[in-house]
Structure formats: structure tokens, C-alpha cells
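The values are calculated or read from the model by the stated rules, or taken from the named source; none is laboratory data. These numbers were taken from a predicted model, which means no experiment stands behind them. Don't worry about glycine lacking a Cβ; one is built from the backbone with ideal geometry, like all the others, and counts go over all protein chains shown. Note: accessible area is taken over every heavy atom of the protein model, side chains too, but ligands, DNA and RNA are not part of it. Shrake-Rupley method; radii C 1.70, N 1.55, O 1.52, S 1.80 Å.
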Amino acid sequence: MTDGARSTTRPGPSPREVATHCPYCALQCGMVLREDADGVAVLPRQFPTNRGGLCQKGWTAAELLDHPDRLTTPLLRDPASGELRPASWDAALQRIVSGIRAVQAESGRDAVAVFGGGGLTNEKAYALGKFARVALRTRHIDYNGRFCMSSAAAAGLRAFGVDRGLPFPLADLGRADTLLLVGANPAETMPPLVRWLTEQRRNGGRLIVVDPRATATARQADLHLQPLPGTDLAVANALLHIALTEGWIDRAYVAERTTGYEEVRRSVAAWWPARAEQLSGVPVADLEATARALGTAGRAIILTARGAEQHAKGVDTVTAYVNLALALGLPGRPGSGYGCLTGQGNGQGGREHGQKADQLPGYRRIDDPAAREHVAGVWGVPADELPGPGVPAYQLLDSLGTPGGPRALLVLGSNPVVSAPRAAHVERRLRGLDLLVVADLLLSETAALADVVLPTAQWAEEDGTMTNLEGRVLRRRALRPPPPGVRTDLAILSDLATRLAAAEPTAATTGTSASRFPTDPAAVFAELRRASAGGPADYAGISWPRIDAADGVFWPCPTEDGPDTPRLFTDRFATPDGRARFHPVDHRPAAEPVCDEYPLHFTTGRVLAQYQSGTQSRRVDALRRAAPDAFVELHPDLAARLGIGDGEPVRVTSRRGELQAPARVSPTIRPDTVFAPFHWPGAARANSVTNDAVDPISGMPEFKICAVRVERA
């Protein structure tokens, strides 16, 4: 489809167009929005990441602008009936402020928590982190990106000294002689990226996919490795073992640009291919072919995604693939390197500017005294008044309403009732709060539990910036203002900060005046630039006019008249000595092994026509028709053994809960594994089943493997 998609909207006075970006994934495809008397059309835009193409979600994105389910007035929980009822903004905000003050007066500052989202603009992510630490003065803030990018981020930080999903331009994918995708299915998660895979193969390149399922991406590959879920680390160590044995290590690169190689070399000596085959099920011949394709390539790229990362050993798994890339001398070379396919729309920028539990703007550590002094100076508060590190997302959600845990929660841009692991438990925690506030454009499953619901602006109704998977800072432009009764997140935070300051006897020292929380996104971005200056993610030289004059600006970019950085690591890594770090890592079993009672492995993922928790995509008619319901994917051999036919309702049960959905019998999955997409709530909620065991470094839950049993419903 190239002629755009149209939605029914309020007619504008005259045609208007803006060049902007898709509201969905981290590819942040360029698009044009055009509004006239017939509505809003999505039109193609020639932008480097997508070259005019969009997936079905992008083409239909404008249909949500005037959706009948759109929230346009605040809602308050009626204590008598227990129902949400329309209310004025003043009543809603006063209810929030009085609730916050009551909870903090009784239980301290940290009794209030904030939960953000990877889809918020840079400006909103920055303002949210500042609001938590300056207006609320709580250490408890984290966001749903913890469930997406945290393992790859932690691995990148300890190896390279910096975390940027792709440390090279997306176009490099088309230049690679060998491209290894580990736990990635871009054909369904970000379809416009597939044109780079097509270009890579057209140029004679070899595509290898590691995935327990024969996904749409895996079916395009030259070689598909189909490991048991949770064994990607063993596969990576075996690949490095083979490269060592065959002499494919770039010894000059290792000597000149890295440290720690000898310890890793000794550790992978035990990972002979037959051992990895026994654990993972990947044949020795396929391991050898993969290592050969990487080791003998002129240019090679290794990419990981959620399939490898959403494990209780996700950081170590990514580290194993980084070790392989370093040993082969890939990072910093054009057409080569290691990268991570970021998932959420602003998954990169969302974790850079302060809504993560342990970070301040510019990707600074909150426990770094120099970082605290710098950011506190920009915010106009004493550094010793900034709270310390909080806890990762699942630990935060699990502590809600418990003794010593937060009793109030503000949620912006997230739906943890559907997206969190052990979701029924998280739902109970949310129900037990003294105060739950949700700001959203639609009544999500989480908003339906709230005491206060605030209607917020959509992507086409506000300006701001996003940072895509390449570290390219982009401009999101407003087509029109929000409808009457709807406010932006920046306006909500500013008003709450003002009201909290008025209710705070020590407001003069807490810096909560309205002037400290501007509502203009341009003013917020200007402040963000100052706060990030000198940090790992330095935006100081990135201005809106500079973005407008180019196809985005890559961070770090310290000065307005200096260059940006499309490619990292060409001369040095972001470590004190400029060298990358090898780290020895060893395979360990999944947190929950199969047993007689729960004999099957369960894994989750996405489908093409839906997105994340489905709050938006399940309301778009075309997307709902394309993917109307959840399903449970079973191998024909397993289905036959269980006596289950295609389309029959099945129940998947773990130690935490169950889901029910129709069976989809398919040879694309391993016989010992079942799969379900995670976009649906209710009885089909996949995260009722998933394991809440977390990675000890990143806090990432083990979404991608747990033990289950399957039976006819």
C-alpha cells in the first residue's frame, strides 16, 4: 500500500501536512500526516530508516486520533459505587495531590512511586524523572523499558562503556557479508527493516537466524538455528570455541583494542560444539557453519533482540555474543559490529534521560557524585536533596502496597496489568494501593483499576523528540492540538508540581515551582540538552533546527557546530582506557526447569498486526481483523500426543497462573515448546503464566521461558 490510509476526524479549516514519525516501534519510520476535510491521511515519506515504507500498523496509526474509545475527560473512582466517573481537571488533580501528601506524611517520600514508558518522548521521559526526584523526592521510579532493553543495555555498558542499541547506521545491515540475528523476528516486529535484510542478501550476504520458532524472518534465512529456549548463551560460547579452534580470531584487534580476552578464551575452551548441541539441540554442523560464516566474512554483524535478552541470564547471554563480536574484531568497522534491535518507540531515548531507577539525564549514574552535582545544578536544587537509586521495574511492582513498599503509584504510558510477568500477582498489587493514577489516551486494563485517570495527548497532537534504535534523534511534529479536555503529559506534570509545591511547607528548597516544570516541549528539550551535557548520551549539540535540517542527529553530539556520531567505536570505546572489555560468562539453566507436572517450555512474543499490550492496536479495525485473537502455538507431534486439534481451546498452566486460547497447530515450533503472543488481556493473557525470576544485573524478568503443562480447556 503506497497511497496512505485515512481516518475519520474532525475536519480542519484547510489542508495541513507535517513530516513526522510512526508512533509504534523503535524503527521510527518517517511518515507524512495530511489533514483535510475528509480526515487524516498517512502518506509515505522518504526517510533513511524506512525509505517510504510502513507496516500495517503505521498506515493505520491515524485511526486512533478520534477513536470513540478516546479519553477526553478525567475520571475519578466513586467511593460509593466503585465506578469511574467523569470529573473536572481541578477535582482530579486535587485528588492526586491530597492522596500523595497523605501517603507521604504517613509513610515517607518513597511511599509514592512513578512508572513510565518506553514510548514517551525524550522531553516527557526527562520531565517524568525530574518530577519524581524533585517534586515528589522519591527514589521509586522505573519504566516498562526494563522489560525490553535492560539486559542488552547492561551488557553494552560493561563491554563498551556505553549503551546505544545500534552503534552504527541501519544501512550497515545491507552491507554485511554475514548477518546473525539472535532472538529477533523483524519480519513481524518491524517489517520495514526487512528491506535491509533483502538488500544484504541481494548483495551476496548470508543471513543466519537463531530462534526456537521458524518465524517469518527465520524462513527467509540461509540458515536457521532452532535452539531450546534459554540456551542461546551455550550456542554463543560454542561459536566462539569454534572460531578459536579454526583460527578466525582477529588477534591484532584483540591485542590493540580489548582487555580480558585470555580469561574468556580459557572459559570457552569447555564449550565444544557437541556439548552445546546436547544442551541446545542445535546440530554441530550448523554451529560450525555459523562460526565459519562469521569468522571468514569480510564484514559481519551480530544482532540480539528480546528472544535472547528476556531471561534471568539475559545480560550474560548478550555478553557472550559481544565476546564473539570482539574476538572477531567487528565493532567499530563499517558494515560490521554488534548491535541490539531496540523494541519500543523511544526505547533508546526513554532510558537515557532519567526515568530509569539508577540513572539521571545523559545516561549518568545517579550514585555518581559528579553526575548528581551537574544535574542538580541544572535543576536548581541541592545535590544532597536528590534521592538515591530506586529498584528495577518488577521489584517495584512487586513491592506495591506491601509493608515498607510504595502505597501510591503514578503510571504514564504503560499497561503493566498486561505487560508485566506474573501479571495476576501484579494486578493484585495494583488493586491494593491507596492511590493509583494512570495517564493514558485510552482506558487500558491498568487505567481501569485506577482511582484517577487523566486523558493525555496523542503522538500527532504534540511536538517532541524521539531517539530511534540507531541513536538518531528525530522530530515528532504535531499535526493539530489535542481535543478539548485533553492535556499533554508535560502540562499534567507541571500542574501537579505547582500544586505539590503549594502544599509543601519547604517548597522554597525543593524547587517545585511551575517555572521549573515548563509545558513547552522545546523549553524542556533545551533544559535536557544542558542536563545531558558531558554525559555518555550527550545531546548538548542537538537542537530542533539542527534535526530539522537533516534526517535526525546521532548522539553523542557535544557541540552545535561539531559533528554528530553515526558510528561509535571507530577509534576507541567509551571506557577509561578506550578498550572494550571481554567478560567470561557460562551457561546456566532456566530459572524454572521442566518437570513431570510441568513438562513443556513456554515462550512468548509478538504478531505482525498487534503491538505491545495491545491498548492501541486492538482498537484499530484493520489490525483487529488481521489478528483478532490470541492463540497457543503447538507442534503437530505435541498436539497429537495431547489429543488437541487445530482451533480447539487449550489451557496453558504454570506455577503462577494460566491462559486459555485456541490452539494453532504448526510445524514452525519445537515439539517441546509452546508459544503465545502477549498482546491480549483477560483469559488469554500470556503474562499470567510467565516467570518473574529476574536477571541479577539488569532486573529483566524471564519472559521467554518457563515450565508449563498444556491440556484441552
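Could you check segment 92-109 and list, in sequence order, the residues that are assigned to a helix (DSSP H, G or I) and more than 16 Å from A502 (Cα to Cα)?
Within segment 92-109, A92, V103, E106, S107, R109 meet the criteria.
Just need a number here: residues in segment 242-265 that are within 34 Å of the chain's Cα centre (by Cα) and more than 22 Å from G332 (Cα to Cα).
Looking only at that region, the number is 2.
Go through segment 339-358 and report how many residues are of a type in the set (S, T, N, Q), in contact with a strand residue (DSSP E or B) (Cβ under 9 Å, 6 or more places away or on another chain) and open to solvent by 10 Å² or more (accessible area, probe 1.4 Å).
0
Just name the residue that is nearest to the chain's Cα centre (by Cα) out of those in segment 144-180 that are of a type in the set (S, T, Y) and farther than 14 Å from Y363 by Cβ.
S151
Quick test of your reading of the structure: G347 fulfils all but one of (1) assigned to a helix (DSSP H, G or I); (2) closer than 22 Å to P701 by Cα. Name the failing condition by number.
Only one criterion is unmet by G347, namely (1).
Here are some residues: S666, S688, S613. Which one is within 21 Å of P593 (Cα to Cα) and polar (S, T, N, Q)?
S688
Scanning segment 375-404 for residues that are part of a loop (DSSP other than H, G, I, E, B) and without any contact (Cβ under 8 Å) to a residue 40 or more places away in the chain, which turns out most open to solvent (accessible area, probe 1.4 Å)?
So the residue we want is P403.
Filtering segment 134-154 down to residues that are among the hydrophobic types (A, V, I, L, M, F, W, C) and closer than 21 Å to P701 by Cβ, which residue is surrounded by the most Cβ atoms within 10 Å (Cβ to Cβ)?
Looking at residues that are among the hydrophobic types (A, V, I, L, M, F, W, C) and closer than 21 Å to P701 by Cβ, I get A152.
Hey, can you tell me all the residues within segment 546-570 that are part of a helix (DSSP H, G or I), closer than 22 Å to A125 by Cβ and more than 24 Å from the chain's Cα centre (by Cα)?
Result: R546, D548.
So which pairs qualify, if the first residue must be in segment 254-265 and free of Cβ contacts under 8 Å to residues at least 12 places away in the same chain, the second must be part of a helix (DSSP H, G or I) and hydroxyl-bearing (S, T, Y), the Cβ gap must be under 9 Å, and the two must be at least 6 apart or on different chains?
A255/Y261
Enumerate the pairs (first residue in segment 630-645 and under 17 Å from F602 (Cα atoms); second residue anywhere and of a type in the set (F, W, Y) and modelled with pLDDT of 95 or more) with beta-carbon separation below 6 Å, excluding pairs fewer than 6 apart on the same chain, so at least 6 apart or on different chains.
That search, which allows pairs on different chains as well, returns A630/W680; E633/F675.
Test each condition in (1) open to solvent by 10 Å² or more (accessible area, probe 1.4 Å); (2) touching a residue at least 12 places away in the same chain (Cβ under 8 Å); (3) more than 17 Å from L324 (Cα to Cα); (4) hydrophobic (A, V, I, L, M, F, W, C) for W248 and report the one that comes out false.
In the conditions (1) open to solvent by 10 Å² or more (accessible area, probe 1.4 Å); (2) touching a residue at least 12 places away in the same chain (Cβ under 8 Å); (3) more than 17 Å from L324 (Cα to Cα); (4) hydrophobic (A, V, I, L, M, F, W, C), W248 misses (3) alone.
Please indicate, with yes or no, whether at least one residue in segment 188-211 is touching a residue at least 40 places away in the same chain (Cβ under 8 Å), of a type in the set (G, A, S) and out of contact with any Pro (no Cβ under 6 Å at 6 or more places or on another chain).
no
Determine, yes or no, whether R109 is at pLDDT 95 or above, in contact with a Ser or Thr (Cβ under 9 Å, 6 or more places away or on another chain) and open to solvent by 40 Å² or more (accessible area, probe 1.4 Å).
yes
Among the listed residues R422, R428, R372, identify the single one that is without any contact (Cβ under 8 Å) to a residue 60 or more places away in the chain, within 24 Å of P681 (Cα to Cα) and of a type in the set (D, E, K, R).
Unique residue meeting the criteria: R428.
If I ask for residues that are of a type outside the set (F, W, Y) and open to solvent by less than 10 Å² (accessible area, probe 1.4 Å), which ones from segment 664-687 would you list?
I669, T673, V674, A676, P677, H679, A686, N687
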